[in-house]
Each structure stands twice: as structure tokens, then as C-alpha cells.
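Below: one structure, written as C-alpha cells.
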Amino acid sequence: MDRLYYTPREVAEILRISDDAVLDLIHRDELPALRVSPRIIRIPVAGFNAWREGRKPRRRRVVIRAASNRIAIGEGESLPEGAQALRR
């Protein structure tokens, strides 16, 4: 199975630069990367290869919205006794 992601350290070894230099490229939005958690960053192999060929990554806007309190109930379904449904 082919790899899908590199770690910043692996990219640093490939490019023969320091880990900090790779993180700097990521923070300047020059190198595409995904933040998996506050401490874990992964670089998609396809994005890294495109970056090496000179293509610039495009940032997509992520919108976080408040969760809806509505409970969707399908036809023929019902909630347990005591639960209240907010119908659309």
C-alpha cells in the first residue's frame, strides 16, 4: 500500500533541511499540511509532490457552525418516552 502522508521530519530528510525549516514552510502556507492534533502535523504525499513541482497550495476556508439542537425523526420513527423532539 502506498503512503498517503509524510511527517515533517520525513520531509526534512527528503529536502535535506531542518525540521524547523519544514514547520516554517507549513506556517507560511507554502507547504500544504494537515494538523491532526495540536502537536501532530502530516503532509499529504500528493500535495508535497505538487509543491516540489512548483504548484502553490490553495487554502480552503473552513467554517465552523454551532450544532443544531434539532432531532430529525424519519417517517414511522418515534423518540423514547420523555424525550422531546424539535421538529423542523
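A few remarks follow.
- Near Ser18, once Lys and Arg are set to +1 and Asp and Glu to -1 for all other residues with Cβ below 14 Å from its Cβ, the sum equals -3.
- Annotation for Arg16 and Arg52: the two label points, set 7 Å from Cα along the Cα-Cβ direction, are 1.3 nm apart.
- Of the peptides 49-55, 16-22, the ranking by mean beta-carbon count within 10 Å, highest at the top, reads 16-22, 49-55.
- Dipole magnitude (debye, nearest 20) for the stretch 5-52, charges at Cβ of Lys, Arg, Asp, Glu: 140 debye
- Alpha carbon centroid spacing (whole Å) that separates the stretch 1-27 from the stretch 38-55: 8 Å
Each reported figure results from applying straightforward, stated rules to the coordinates on display, with no laboratory input. Remember, predicted model here, so these are calculated numbers, not experimental data. With ideal geometry, Cβ positions are generated from the backbone for all residues, glycine too; neighbour counts draw on all protein chains shown.
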